[in-house]
Every structure is written in C-alpha cells, then in structure tokens.
Amino acid sequence: MRETSGRLAALAGGVALTAALAGCDFELAPAAPAANRPAAQGTKAATGSPAPRPAAFNETEFQEDVRTAETVTNDFWRRYWERLFTGRYSAPRVVGLYNGRDPNSAPACGDERLERDNAAYCPAGDFVAWDAHLMRSGYARGDAWVYLVIAHEWGHAVQNRLNRRLVSPAAELQADCLAGAVLYGSSDDGTLKFEDGDEQELVDAFKVIGDKAPWTKPGDHGSAIQRLRSFSRGGENGVKACFT
C-alpha cells in the first residue's frame, strides 16, 4: 500500500477476501525473520536448484509505511468525523513503535506496561502503540500488515470517543470493521493506493491475528473468518455498517 494524491477506484474485493479465507484449515504460521522477506508467493525453485534468496528487509520502507498508515488513518477520521458523529474529532496520541522486549521502555497504560509482541490503544493515556518486533515480523509477510494493525487500534480509539451505546459487545470485530472502512474509504478518496498482492496479504494477516495468535485470549478477537468478514463489511459498506 502507498499514500497517493491521485484518484483511485474503490477495491471490489471485499467478498472475495472472505471467500479466499473461508474453508481454510491452517495453523498459526511463525513470523518470518525480521531480516528477510519471503519469496514471492507461488514461485518455486527448479528441481536441484537452490531456493531464491529472499530480499533484504527494507527498514526505510518499513518506517515510511508505518508513518503513512498513521497519517492516512488519522486523516480519514479527521475528514469524516462530523459527517458520522456528533462533536469534534480529536486524534489519539501516537506513541508508535516500542521495544516490548525491554519492559522499561514499553509505554505504561495505567499501572501496567504494554506487553511484547502486541499492539494496543490505551484509554488511560489516550494513545496508540505497537511493538516493533510484532510490526516488523508482520511486515516481512507484506506491507498491508502495518496498515491493518494501525487502522484496527485506531478503531478502538474511535470507540472510546463514542457513546457507549454505539460500541458493540464484540468490540474487536467492530474495530476490524472500522479498519476496513478506513482503508477502503481512503482508497475511494484517492489517499491510499492498493498495490498488487495487498488483498492476499490481508487474508494472510487475518490468518495470523485471529484467536490463535499468542497475544489473544480465546473469544476476545474472533476467528480469522469472523474478523475478515467484519473487515470486509466495513470495506464494502463504510463506517455506518459497523454500527448496525
């Protein structure tokens, strides 16, 4: 995904995304090493030939995508808030990347520091933050990962700004729906460009971040298919669909 100033037609793949995941029987895949990207999907080395070497992890592009995801997500809510809700929009504070392997450097949310390999919105401090190892590991599978994680956590910040009656008991699935509305809506607006392979990267990401992920508790976030369905609903029908 890339930020763009040009007009881009909306993606038409919401249903296709859900269909691509439906019926999958998978195990949680280990994260690719942060230093490497996997080889392109579907390519195989010829028999007897060494496998192609993955491209080196590009830290500059990673940092750029994180900043772009933050900017695009915040801009979407800034533009549309007053059309959708009462009051004025205020952005959460962006702590951004943190080192969860060093407990002293992880940001505190109330009396506890954020866990390693997690991403979170903290209501107590009204901030969003993401563990650097989690984000780099996911990015090694594809850049769509950081856009999905950031838009999802921003969705929790949005929920915290709303009347509690609007927040679904299935808050995680609603945040997925809001993430879909942001990313597809930004594509409609021409502020975000979906590149070849991004849809498959989103499917792959949802395979990882369902309840099977090590940082989730059973029932907290929903299955991969439930999460992708919610994301697609927001992508196809916009923010209002996340509150029906």
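Scanning the range 92-132 for residues that are of a type in the set (D, E, K, R) and assigned to a loop (DSSP other than H, G, I, E, B), which turns out surrounded by the fewest Cβ atoms within 10 Å (Cβ to Cβ)? Steps first, answer last, please.
Step one: list which residues in the range 92-132 are of a type in the set (D, E, K, R), which gives 93, 101-102, 111-113, 115-117, 126, 131.
Within this subset, residues satisfying the condition of being assigned to a loop (DSSP other than H, G, I, E, B) are 101-102, 111, 115-117, 126.
Working: R101: 12, D102: 10, D111: 6, E115: 15, R116: 17, D117: 17, D126: 14.
Selected residue: D111.
Look at the range 152-176: where a residue is in a loop (DSSP other than H, G, I, E, B) and a partner is crowded, with 17+ Cβ neighbours inside 10 Å and aromatic (F, W, Y), sitting 6+ places away or on another chain with Cβ atoms under 7 Å, you get L162/F85. With respect to the conditions (1) at pLDDT 95 or above; (2) closer than 23 Å to L114 by Cα; (3) of a type in the set (A, V, I, L, M, F, W, C), A241 falls short on a single one, namely (2). As for the range 179-194, it holds at least one residue that is surrounded by 20 or more Cβ atoms within 10 Å (Cβ to Cβ), over 14 Å from T73 (Cα atoms), in contact (Cβ under 8 Å) with a residue 24 or more places away in the chain and not basic (K, R).
If we scan the range 31-51, do we find a residue that is of a type in the set (S, T, N, Q), at pLDDT below 60, assigned to a strand (DSSP E or B) and surrounded by 11 or more Cβ atoms within 10 Å (Cβ to Cβ)? Among the residues of the range 31-51, at least one is of a type in the set (S, T, N, Q), at pLDDT below 60, assigned to a strand (DSSP E or B) and surrounded by 11 or more Cβ atoms within 10 Å (Cβ to Cβ), which makes the answer yes. Whether a residue is within 24 Å of C242 (Cα to Cα), aromatic (F, W, Y) and either touching a Phe, Trp or Tyr at 6+ places or on another chain (Cβ under 8 Å) or at pLDDT below 95 (or both) was assessed, and Y98 does not pass this test.
Got a sec? Which of R141, R233, R227 is at pLDDT 95 or above, surrounded by 17 or more Cβ atoms within 10 Å (Cβ to Cβ) and either in contact with a Gly (Cβ under 6 Å, 6 or more places away or on another chain) or of a type in the set (D, E, K, R) (or both)?
Selected residue: R233, the only one of R141, R233, R227 that is at pLDDT 95 or above, surrounded by 17 or more Cβ atoms within 10 Å (Cβ to Cβ) and either in contact with a Gly (Cβ under 6 Å, 6 or more places away or on another chain) or of a type in the set (D, E, K, R) (or both).
Search the range 193-222 for residues being farther than 20 Å from R141 by Cα and of a type in the set (G, A, S), and hand back the single one that is modelled with the lowest pLDDT. Checking each candidate, the answer is G219.
The values are calculated or read from the model by the stated rules, or taken from the named source; none is laboratory data. Keep in mind that what you see is a predicted model, and the values were worked out from it rather than measured. In this analysis, Cβ positions are derived from the backbone assuming ideal geometry, glycine residues included, and neighbour counts consider all displayed protein chains.
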